[in-house]
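Chemist: First the structure, which I've put down as structure tokens, then a few questions once you've had a look.
The values are calculated or read from the model by the stated rules, or taken from the named source; none is laboratory data. Please read all numbers here as calculations on a predicted model, not as lab measurements. As a convention, Cβ positions derive from the backbone with ideal geometry for all residues, glycine included, and neighbour counts pool all protein chains shown. The protein model used for the area step is the full one, side chains on, heavy atoms only, and it has no ligands, DNA or RNA in it. Shrake-Rupley method; radii C 1.70, N 1.55, O 1.52, S 1.80 Å.
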Amino acid sequence: MTSPSKPYPPQWEQVADLRVFRTTAQEWEKLIGWRADMRKRGWKLLRVSSEGAEMVAIFGRTKAERASI
């Protein structure tokens, strides 16, 4: 089980850099902008979930990709 501060499996940290974005359901349309911005920088959207009143988006970039940039 993961903690609210890390809404992803611990093993993901071994292979990727991760970024977690949190917002309210009412402001969820921000994900479109975040995703476009992150894709330009080589990040991929890995998971979208909700935690209570919050919406959570997790972006990742493998450590090998980071080294080649």
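Chemist: For the full complex of protein chains and a 1.4 angstrom probe, list Glu27, Glu51 by accessible area with the highest value first. List each step's numbers first, then the result.
Modeler: On the way: Glu27 80, Glu51 55 Å².
Largest accessible area first, the list is Glu27, Glu51.
Chemist: Okay, which of the range 12-41 sit inside 16 Å, backbone N to the point 7 Å along the Cα-Cβ direction of Ala53?
Modeler: Once the point is set 7 Å along Cα→Cβ of Ala53, 22-28 turn out to lie under 16 Å by backbone N, inside the range 12-41.
Chemist: Straight-line reach from Lys30: which lysines have Cα under 21 Å away, leaving out those fewer than 8 places along the same chain?
Modeler: Lys6, Lys40, Lys44
Chemist: At 1.4 Å probe size, put Met38, Met55 in order of accessible surface, largest to smallest. Don't skip to the answer; put the middle values down first.
Modeler: Numbers: Met38 20, Met55 45 Å².
Descending order: Met55, Met38.
Chemist: Next question, about the same structure. Rg and Dmax of the range 1-58, Cα atoms, in Å?
Modeler: 11.6, 33
Chemist: At 1.4 Å probe radius, can you tell me the per residue accessible area of the chain in Å²? Walk me through the numbers on the way to the answer.
Modeler: Values: 4840 Å² over 69 residues.
Counting only protein heavy atoms, the per-residue value for the chain is 70 Å².
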